[in-house]
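The block underneath contains the structure these notes are about, expressed in structure tokens.
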Amino acid sequence: MNARLYQTSDLEAVVAIFRSNIPKYFTPEEEPGLHDCLRDYSEHYYVFEVDGDVVGAGGIAYNVLADPTVSLCWGMVQNDHIG
């Protein structure tokens, strides 16, 4: 497995992972929020590859305004890789 920073060229693969997890983990109405996150906060978003295919993704959010914590954002794995 290879982990690397998200690139705009990964958008289609990340959205495909998101959609593979509807309706169990996500709803279609949440997709615009994913696009917003990838557009505005991709500097802390990562993709995970197996044999060159993106099969997972997730980001880190630093909560410096509210409290000194870190949150995971939009973490997901391609549905057929879960388990």
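The values are calculated or read from the model by the stated rules, or taken from the named source; none is laboratory data. Just so it is clear, the structure is predicted and the values come from calculations on it, not from any experiment. A quick note on method: Cβ atoms are made from the backbone with ideal geometry, for glycine too, and the neighbour counts reach across all protein chains shown. Ligands, DNA and RNA are excluded from the accessible area calculation, which covers all protein heavy atoms including side chains. Shrake-Rupley method; radii C 1.70, N 1.55, O 1.52, S 1.80 Å.
Values for this structure:
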{"read-out": "Residue list for the stretch 4-27, restricted to those being outside any helix (DSSP H, G or I) and not polar (S, T, N, Q)", "value": "ARG4, LEU5, TYR6, ILE22, PRO23, LYS24, TYR25, PHE26"}
{"read-out": "Residue check, TYR41 of a type in the set (Phe, Trp, Tyr) and open to solvent by 60 Å² or more (accessible area, probe 1.4 Å)", "value": "yes"}
{"read-out": "From the options ASN63, ASN2, ASN21, residue that is touching an Asp or Glu at 6+ places or on another chain (Cβ under 8 Å) and not acidic (Asp, Glu)", "value": "ASN2"}
{"read-out": "Failed condition for LEU5, given (1) open to solvent by 80 Å² or more (accessible area, probe 1.4 Å); (2) more than 12 Å from the chain's Cα centre (by Cα)", "value": "(2)"}
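This table checks each residue for (1) free of Cβ contacts under 8 Å to residues at least 24 places away in the same chain; (2) open to solvent by less than 70 Å² (accessible area, probe 1.4 Å); (3) of a type outside the set (D, E, K, R).
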site: SER9; (1), (2), (3): yes, no, yes
site: ILE17; (1), (2), (3): no, yes, yes
site: ASN21; (1), (2), (3): no, yes, yes
site: TYR46; (1), (2), (3): no, no, yes
site: ASP51; (1), (2), (3): yes, no, no
site: GLY56; (1), (2), (3): no, yes, yes
site: VAL64; (1), (2), (3): yes, no, yes
site: GLY75; (1), (2), (3): yes, yes, yes
site: GLY83; (1), (2), (3): yes, no, yes
